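Okay, structure first, notes after.
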Amino acid sequence: MNNEEFYIGWMGKAPKSFAAWIRKYLIVLLPVIIVLGVLLALSQKKFGTGTFEFGTLTEVKGIYFNKPVPTIKVVDGKDIWGNENYITVPLIGFGKHGADGVIADLEKEKNISFEGKEITLKGTLLYNDGKLLMQVDANDKPLVNVSGANINSVGLQKIKELGIIDVKGEIVDPKCFFGVMKPGEGKPHKDCAIRCILGGMPPVLKVTDEKGNQNYYLIVGANGEKMNEAVQDYVATPVEINARAVAYGDWVVLYVHPNGLQHYSYIREHFSTSIASCMAACIK
Amino acid sequence: MGASYLAVGWNRQKKIYDWLIFAFCVLYLATFVVLTAIFNPDYTFETVLIRATSTLAVIILHVTLSIGPLTRINKKFLPLLYNRRHLGVSMFCIILVHGSFSILQFHSLGNVNPFVSLFTSNTHFGSLADFPFQALGFFALIIFFLMAITSHDFWLHNLSPKVWKTLHMFVYLAYFLVVMHVMLGVIQYETNPVFIIIMLIGAFTLIALHLIAGTREVNKDDVIYKLKQDGYVLVCDVKDIEEDRAKMFCLDTERIAVYKTGGKLFAVNNVCKHQNGPLGEGKVIDGCITCPWHGYQYLPQNGQSPPPFKEKVSTYDVKLEGTHVWLNPKAYAEGTERPGAVISVVNAE
């Protein structure tokens, strides 16, 4: 370096050799930044296809049921015998809250129970993978209409016992998973899923079969009680559930047995015997 | 260097520096967002914003942390070092967008305060797989915040250089927190190894640069000077020092810069009072020793900054015997005038 060349930042201009060196550095840095941007952008997992119709309110008419989770059964055409088909639309609240509070306030305001009644609700739809949910927000004045008389709802729930099952999957909150957030599952979303479930959102078990198809189960306690707080430590992590499965039309509800919710480890299940025998051999 | 405080003492170099930061940031964000929108049409704005800002901030953090060792290895990087704080503050602003949107997205509108939610939703602190990685990012954000708001020289003078430097060394803790935030967070979700590979390359590059620069410093400090008499140590030949330049010697763990200027040799403490810059790598300009890092100046004969500045460094005795430079490592109080050693015409040739 020339003795005359000395860089001082508070002077207007850098010496030529310094400026030339920094130019070279920037010429190297520029493609590095672009390549990193391209690599990182293209390496992301595919975003989910869920939709949250933010800002669009839709009126939905159906029969309201409070158990096992707040839902409305909506007519969805007829089968070949002329019987009405129903789809089940679980209700969720605004933000990270369940719909129970909103529905309870509306029932209090009207001084009637909505159970088994035909109601028309206005809310925001979200849907993905064949499942439809609706957000009901008190600020949207969601109750459009409620019939005074009970509908003959016997058989409408299409309850069918499926027996005791063991399933492995991930507990997610349905609002984020089916539309609001991408990703609405996995480690990055864990805190949010916990907060949503603790806020009253019904926990859902997402199960992926060997072919990559996904099935979804609503989770409640053995006697139908809420499990929102009980699942806190199991959200967004592999779990296995032992439960009584009951189909309510197009949703299956898992009545989780006491101690029926456990963390699941693929390694522990498939390799624990090998590891134990290996350790025993080593000790021997 | 200014006698009064300005928000930013703009000059041409600073403006070029900041425009380049802005241009690089816009280029990266545009690349990331446009490609995500094209190849991931189901994207959501919030997620893309969170990811674009987080990845950009991690890149800037690596660039910022590499400037120090790069400058130790090659002084031509000094223009990057001088305004490094601009890079740091820019990074903080980008991280703030990432952190704010993340807290809004993942913790707001719940049944508890978002900050309570941040620390109480996931409490698996004993598990690597489930570790609440967002808390790590939050603590890193706090460190970057403290660094950003104290980045101005006003805080350096009021906190004292030692406290200020200590606070800003927490950037390495913040870097560790950021690495763990990424490794225990998004890398456990993404399946493409590109993320972990880039992160590891970044970390190893930084570690290597710091080790290379550190080794060079240690080697300089480890030079042993055997000849001693009357408290003086023989350090070099007078011809080894260029005019208006210095050589640095480490004696008894004390780094001392011996300057040759105006036909004399002067010795001052090597550590600049501003940000511990190496005065021995500076130059005498307008009669003042000028620090290579930020241009702080000191008079060679007494180690005092010229009025109205008040910085002072220790001075030392230096003498010449023939062409041999002898240095006494016993420090005088900061700002003490010393006569220096006169270089005779014969010695200077």
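Output the residue which, of all residues in the stretch A:243-284 that are of a type in the set (D, E, K, R) and more than 19 Å from residue A:228 (Cα to Cα), is modelled with the highest pLDDT.
Just the residues of the stretch A:243-284 that are of a type in the set (D, E, K, R), to begin with: A:244, A:250, A:268-269, A:284.
Within this subset, residues satisfying the condition of being more than 19 Å from residue A:228 (Cα to Cα) are A:250, A:268-269, A:284.
On the way: A:250: 92, A:268: 71, A:269: 72, A:284: 65.
This residue is A:250.
For the stretch B:51-62, state whether one or more residues are surrounded by fewer than 21 Cβ atoms within 10 Å (Cβ to Cβ), among the β-branched types (Val, Ile, Thr) and either part of a helix (DSSP H, G or I) or modelled with pLDDT under 95 (or both).
There is no residue in the stretch B:51-62 that is surrounded by fewer than 21 Cβ atoms within 10 Å (Cβ to Cβ), among the β-branched types (Val, Ile, Thr) and either part of a helix (DSSP H, G or I) or modelled with pLDDT under 95 (or both).
Just one of (1) in a helix (DSSP H, G or I); (2) of a type outside the set (S, T, N, Q); (3) at the interface with chain A (Cβ under 9 Å from one of its Cβ atoms); (4) surrounded by 16 or more Cβ atoms within 10 Å (Cβ to Cβ) trips up residue B:68, so point out which.
Here residue B:68 clears every test but (3).
Here is a list of conditions, (1) within 14 Å of chain B (Cβ to nearest Cβ); (2) crowded, with 17+ Cβ neighbours inside 10 Å; (3) more than 20 Å from residue A:74 (Cβ to Cβ), and residue A:139 meets all of them except one; can you say which number that is?
Unmet for residue A:139, out of (1) within 14 Å of chain B (Cβ to nearest Cβ); (2) crowded, with 17+ Cβ neighbours inside 10 Å; (3) more than 20 Å from residue A:74 (Cβ to Cβ): (2).
When the residues of the stretch A:205-242 are narrowed to those that are of a type in the set (Lys, Arg) and touching a strand residue (DSSP E or B) at 6+ places or on another chain (Cβ under 7 Å), which ends up nearest to residue A:168 (Cα to Cα)? Please lay out each step first, then the result.
Residues of the stretch A:205-242 of a type in the set (Lys, Arg): A:206, A:211, A:226.
The next check asks that each one be touching a strand residue (DSSP E or B) at 6+ places or on another chain (Cβ under 7 Å); those that pass are A:206, A:226.
On the way: A:206: 8, A:226: 20 Å.
Across the stretch A:205-242, the extreme among qualifying residues is A:206.
Tally time: how many residues in the stretch A:178-194 are out of contact with any strand residue (DSSP E or B) (no Cβ under 7 Å at 6 or more places or on another chain) and either more than 9 Å from chain B (Cβ to nearest Cβ) or without any contact (Cβ under 8 Å) to a residue 24 or more places away in the chain (or both)?
Of the residues in the stretch A:178-194, the ones out of contact with any strand residue (DSSP E or B) (no Cβ under 7 Å at 6 or more places or on another chain) are A:181-183, A:186-189, A:191-192.
Next, only the ones that are either more than 9 Å from chain B (Cβ to nearest Cβ) or without any contact (Cβ under 8 Å) to a residue 24 or more places away in the chain (or both) stay: A:181, A:188, A:191.
The qualifying residues number 3.
List pairs: first in the stretch B:225-241 and more than 14 Å from residue B:322 (Cβ to Cβ), second polar (S, T, N, Q) and part of a strand (DSSP E or B), Cβ under 7 Å, 6+ apart or cross-chain?
B:231/B:328
So which residues in the stretch B:283-326 are touching a residue at least 12 places away in the same chain (Cβ under 8 Å), within 28 Å of residue B:344 (Cα to Cα) and of a type in the set (D, E, K, R)?
B:283, B:317, B:319
Within the stretch A:91-124, which residues are within 14 Å of chain B (Cβ to nearest Cβ) and charged (D, E, K, R)?
A:96, A:100
Name the helices (runs of 4 or more DSSP H) wholly within the stretch B:145-261 that hold at least 2 residues that are at pLDDT below 95? Can you show your working first?
Values: elements: B:153-159, B:161-169, B:171-183, B:194-221.
So the answer is B:153-159, B:161-169, B:194-221.
Kindly indicate the residue of the stretch A:48-67 that is in a strand (DSSP E or B) and within 14 Å of chain B (Cβ to nearest Cβ) and also surrounded by the most Cβ atoms within 10 Å (Cβ to Cβ) among those meeting that condition.
Going through the qualifying residues, I end up with A:52.
Could you please let me know if residue A:161 is among the acidic types (Asp, Glu) and part of a loop (DSSP other than H, G, I, E, B)?
Values: among the acidic types (Asp, Glu): yes; part of a loop (DSSP other than H, G, I, E, B): no.
No: the conditions fail for residue A:161.
Are any of the residues in the stretch A:223-232 surrounded by fewer than 19 Cβ atoms within 10 Å (Cβ to Cβ), of a type in the set (Gly, Ala, Ser) and under 30 Å from residue A:85 (Cα atoms)?
yes
Starting from residues that are at the interface with chain B (Cβ under 7 Å from one of its Cβ atoms) and touching a Gly at 6+ places or on another chain (Cβ under 9 Å), keep the ones in the stretch A:8-44 and report whichever is nearest to residue B:44 (Cα to Cα).
Filtering first and then ranking leaves A:9.
If I filter the stretch A:68-90 for residues that are out of contact with any Pro (no Cβ under 7 Å at 6 or more places or on another chain), assigned to a helix (DSSP H, G or I) and either within 14 Å of another protein chain (Cβ to nearest Cβ) or modelled with pLDDT under 95 (or both), do I get at least one hit?
Scanning the stretch A:68-90, I find no residue that is out of contact with any Pro (no Cβ under 7 Å at 6 or more places or on another chain), assigned to a helix (DSSP H, G or I) and either within 14 Å of another protein chain (Cβ to nearest Cβ) or modelled with pLDDT under 95 (or both), so the answer is no.
Residue check, residue A:5 against (1) surrounded by 14 or more Cβ atoms within 10 Å (Cβ to Cβ); (2) more than 10 Å from chain B (Cβ to nearest Cβ); (3) under 30 Å from residue B:82 (Cα atoms), all met but one. Which one?
(2)
Among the residues of the stretch A:96-117, which ones are farther than 21 Å from residue A:158 by Cβ and crowded, with 17+ Cβ neighbours inside 10 Å? Break it down stepwise before answering.
First, pick out the residues of the stretch A:96-117 that are farther than 21 Å from residue A:158 by Cβ: A:96-113.
A:96, A:97, A:98, A:99, A:100, A:102, A:103, A:106, A:107 - these are the residues of the stretch A:96-117 that are farther than 21 Å from residue A:158 by Cβ and crowded, with 17+ Cβ neighbours inside 10 Å.
What are the residues in the stretch B:117-128 that are modelled with pLDDT of 95 or more and under 34 Å from the mean Cα position of the chain (by Cα), if any?
Correct list: B:118, B:119.
Being within 29 Å of residue A:12 (Cβ to Cβ) and basic (Lys, Arg) is the filter here; which residues of the stretch B:285-344 pass it?
Hits for the stretch B:285-344 are B:310, B:312.
Does residue B:146 satisfy the condition of being under 21 Å from residue B:91 (Cα atoms), among the aliphatic types (A, V, I, L, M) and either more than 9 Å from chain A (Cβ to nearest Cβ) or surrounded by fewer than 21 Cβ atoms within 10 Å (Cβ to Cβ) (or both)?
Details: under 21 Å from residue B:91 (Cα atoms): yes; among the aliphatic types (A, V, I, L, M): yes; either more than 9 Å from chain A (Cβ to nearest Cβ) or surrounded by fewer than 21 Cβ atoms within 10 Å (Cβ to Cβ) (or both): yes.
Considered against the rule, which asks whether it is under 21 Å from residue B:91 (Cα atoms), among the aliphatic types (A, V, I, L, M) and either more than 9 Å from chain A (Cβ to nearest Cβ) or surrounded by fewer than 21 Cβ atoms within 10 Å (Cβ to Cβ) (or both), residue B:146 comes out as yes.
Regarding residue B:131, is this residue at pLDDT 95 or above, part of a loop (DSSP other than H, G, I, E, B), out of contact with any strand residue (DSSP E or B) (no Cβ under 8 Å at 6 or more places or on another chain) and not assigned by TED's automatic domain parsing to the domain that holds residue B:270? Show your work before the answer.
Values: at pLDDT 95 or above: yes; part of a loop (DSSP other than H, G, I, E, B): yes; out of contact with any strand residue (DSSP E or B) (no Cβ under 8 Å at 6 or more places or on another chain): yes; not assigned by TED's automatic domain parsing to the domain that holds residue B:270: yes.
The answer is yes for residue B:131.
Any residue at all in the stretch B:318-339 that is closer than 26 Å to residue B:227 by Cβ, in contact with a Leu (Cβ under 7 Å, 6 or more places away or on another chain) and among the aromatic types (Phe, Trp, Tyr)?
yes
Considering (1) farther than 20 Å from residue A:59 by Cα; (2) among the β-branched types (Val, Ile, Thr); (3) surrounded by fewer than 24 Cβ atoms within 10 Å (Cβ to Cβ), say which one residue A:120 fails and leave the rest.
In the conditions (1) farther than 20 Å from residue A:59 by Cα; (2) among the β-branched types (Val, Ile, Thr); (3) surrounded by fewer than 24 Cβ atoms within 10 Å (Cβ to Cβ), residue A:120 misses (1) alone.
Kindly indicate the residue of the stretch A:199-214 that is under 20 Å from residue B:130 (Cα atoms) and surrounded by fewer than 24 Cβ atoms within 10 Å (Cβ to Cβ) and also nearest to the other protein chains (Cβ to nearest Cβ) among those meeting that condition. I'd like the intermediate steps shown before the answer.
Taking the stretch A:199-214 first, the residues under 20 Å from residue B:130 (Cα atoms) are A:203-207.
Add one more test, that the residue is surrounded by fewer than 24 Cβ atoms within 10 Å (Cβ to Cβ), and what stays is A:206-207.
On the way: A:206: 14, A:207: 18 Å.
Among those residues, the one meeting the criterion is A:206.
When you go through (1) at pLDDT 95 or above; (2) outside any loop (DSSP other than H, G, I, E, B) one by one for residue B:347, which number turns out not to apply?
Evaluating residue B:347 over (1) at pLDDT 95 or above; (2) outside any loop (DSSP other than H, G, I, E, B) leaves (1) as the failure.
Can you name the residue in the stretch B:293-341 that is among the β-branched types (Val, Ile, Thr) and modelled with pLDDT of 95 or more and, of all such residues, is surrounded by the fewest Cβ atoms within 10 Å (Cβ to Cβ)?
If we filter the stretch B:293-341 for residues that are among the β-branched types (Val, Ile, Thr), which is where we start, we get B:313, B:315, B:318, B:323, B:325, B:336.
So of that shortlist, the ones also modelled with pLDDT of 95 or more come out as B:313, B:315, B:318, B:325, B:336.
Values: B:313: 22, B:315: 27, B:318: 23, B:325: 28, B:336: 15.
Looking at the filtered set, the residue picked out is B:336.
Hey, can you tell me all the residues within the stretch A:189-225 that are of a type in the set (D, E, K, R) and part of a loop (DSSP other than H, G, I, E, B)?
Let us first name the residues in the stretch A:189-225 that are of a type in the set (D, E, K, R), namely A:190-191, A:195, A:206, A:209-211, A:225.
Listed by number, the residues that qualify are A:209, A:210, A:211, A:225.
The values are calculated or read from the model by the stated rules, or taken from the named source; none is laboratory data. Note that this is a predicted model, so its numbers are computed, not measured. Every residue, glycine among them, receives a Cβ derived from its backbone with ideal geometry; neighbour counts consider all protein chains shown.
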